[in-house]
1. Among the residues that make up segment 393-406, is at least one of them charged (D, E, K, R) and touching a helix residue (DSSP H, G or I) at 6+ places or on another chain (Cβ under 6 Å)?
2. With the requirement that a residue be among the charged types (D, E, K, R), part of a helix (DSSP H, G or I) and in contact with a Phe, Trp or Tyr (Cβ under 8 Å, 6 or more places away or on another chain), what does segment 399-427 give you?
3. From the set of residues in segment 329-351 that are charged (D, E, K, R) and under 22 Å from the mean Cα position of the chain (by Cα), which is farthest from GLY256 (Cα to Cα)?
4. Got a sec? Which of VAL270, VAL297 is modelled with pLDDT of 95 or more and of a type in the set (A, V, I, L, M)?
5. Given (1) among the basic types (Lys, Arg); (2) touching a residue at least 24 places away in the same chain (Cβ under 8 Å); (3) loosely packed, with under 13 Cβ neighbours inside 10 Å, identify the lone condition not met by ARG414.
6. With the requirement that a residue be touching a Ser or Thr at 6+ places or on another chain (Cβ under 9 Å), small (Gly, Ala, Ser), under 27 Å from ILE345 (Cα atoms) and buried (at least 21 other Cβ atoms within 10 Å of the Cβ), what does segment 294-327 give you?
7. So which of ILE377, ILE345, ILE430, ILE391 ends up being among the β-branched types (Val, Ile, Thr) and surrounded by fewer than 18 Cβ atoms within 10 Å (Cβ to Cβ)?
8. Hey, can you tell me all the residues within segment 300-345 that are of a type in the set (S, T, N, Q) and on the phi > 0 side of the Ramachandran plot?
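The values are calculated or read from the model by the stated rules, or taken from the named source; none is laboratory data. Computed from a predicted model, the values in this text were never measured in an experiment. Neighbour counts run over all protein chains shown; Cβ positions are idealised from the backbone, glycine included.
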Amino acid sequence: MNHLRGLSSHLPAIVPFIDKVRSGGLSYEVQSPLVSARVFDPMGGALRSYAGLISSTLSCSGSDVIGSLALSNKMSASGKAASKSASMVIAASSDCPVFTRKFIAPSLSESVVKDCSEPSVSVGRKIAIVTGASGRLGCPLLKRLKDAGYTVIGIERSRSADFGDHVILKADLSDKVEVEGVLDFIEKTYGTREIATVVHSAGKYGLEYSPILSEYRSANVETTRNLLNAFEKKGFKVGQFILFSSQTVYASASPGGLLLEGDSTREDYVYPQTKMEAERLLPYAPINTVIIRVPSVYSDDCMNDGIAKTIDLVTRQDVLARMYPGDQHENGWSYMHLDDFTRAILCVVDERERLAEENPHAIFHIGEEGCTSQYAIQQAVSQALGRGGFISISIPLFVGVLGAEFMDKMTGGRAPVHAWMVWALGRGAIDTSLFKGKFPKYKLEHSILDTIPTMVQAAKDNPQAFLDFHRIRDVEGFVKGLKGEDESSKGPRIEEIA
């Protein structure tokens, strides 16, 4: 109960208030490791004021506070009860849920709740909202914006987490009532309806055998629609709304060609289809918007499932790594280091007023110029392992699709590569001249091929954690591969996949 130490200083202010309105439906409970204040208001009356009072009591700025404010509003209509909830978490200091070189999983710390009297609002600082706050992109961006002087509010759907002195609102953005509740909470707590920027990074991307359209549409489209509608309905003044889309929306570039923002798109599988549906909402929004078509982002520790799979297969010299569906020299993706990515987004945020004047509904793709082929990545991995070159061949795309489908049938849909992934392969080479023209001072500081040796070293340092983080199962085979034991003759092992 160390994390509840010092809570007694807050209870005198909370308990009398609770006792006073208990008959109206308010109850209070303490939960470890979170301090939880739960409001039950059957009449839907003073719910917002309860929220403002308790949040001000439990929160403080720059201190190690763990607090959770959960609001449950039970409303009756025609004899039926409906329940909606949203919760705020003010967490103790820690890193993002992003693995370091030692791959230590973050968790709620045994922090001490310190005495404080000031609310967690930085007066005079512009407010930035980041959705998907615990994600691989959202959390580092949240920290980048805070360091740049913004008061940052994160929104997270599935869980609360430990993010330092950021404010994290837990809410399901696919539920319009919860979205409106979040905005009510922000207005009550911060005393304003002015938001400098909203970065909508929340969404769904999965590697499942058969993606379900309704799930992707809910996560990628309805969340965007609900946010835009709620800002307008609640009268919020939003300086900029940034949507994270994807470069997978592009149709393949011609051999040797580069893609521009206005080039043809594709919607022949679920993910790019729902991203394009979300993009089409923005030109109708009454606020300034920016679409960022995100490249394949990586870090020094990899944090990129596709590259991690390549490192695994090349390390084990697996036969799957020796066959590439399509042109392995022409096809590939644009990559971008996480640090370069968050710096680029900060440029867009800081220059929001200028961008709005030039184009109120802008689209950018960002990343390393052109594309890096799978062949080049395999060679870089092999060289980082001290093996020299890696032999692989190109096979017809339809052969790869049929092979992936066969593997899925054999494994019950648990093959490492599914048919739709093979079908999605192409040349995703981008021309970044538009972004460079708007932000001439911005420069990339990393490249994928220069970073791969660092990724491989991270995998060597802790193979188990590296594979666990990237959801790869065959630890034994990977370790043997690191020792130089050739597994290429064994082929793909169905029992390991299953």
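1. Looking for residues that are charged (D, E, K, R) and touching a helix residue (DSSP H, G or I) at 6+ places or on another chain (Cβ under 6 Å), one finds at least one in segment 393-406, hence yes.
2. ASP408
3. For segment 329-351, the residue satisfying everything is ASP350.
4. On the way: VAL270 fails: modelled with pLDDT of 95 or more.
From the options VAL270, VAL297, the qualifying one is VAL297.
5. (3)
6. Result: SER296, SER299.
7. The conditions single out ILE391.
8. Residue satisfying the conditions is GLN317 alone.
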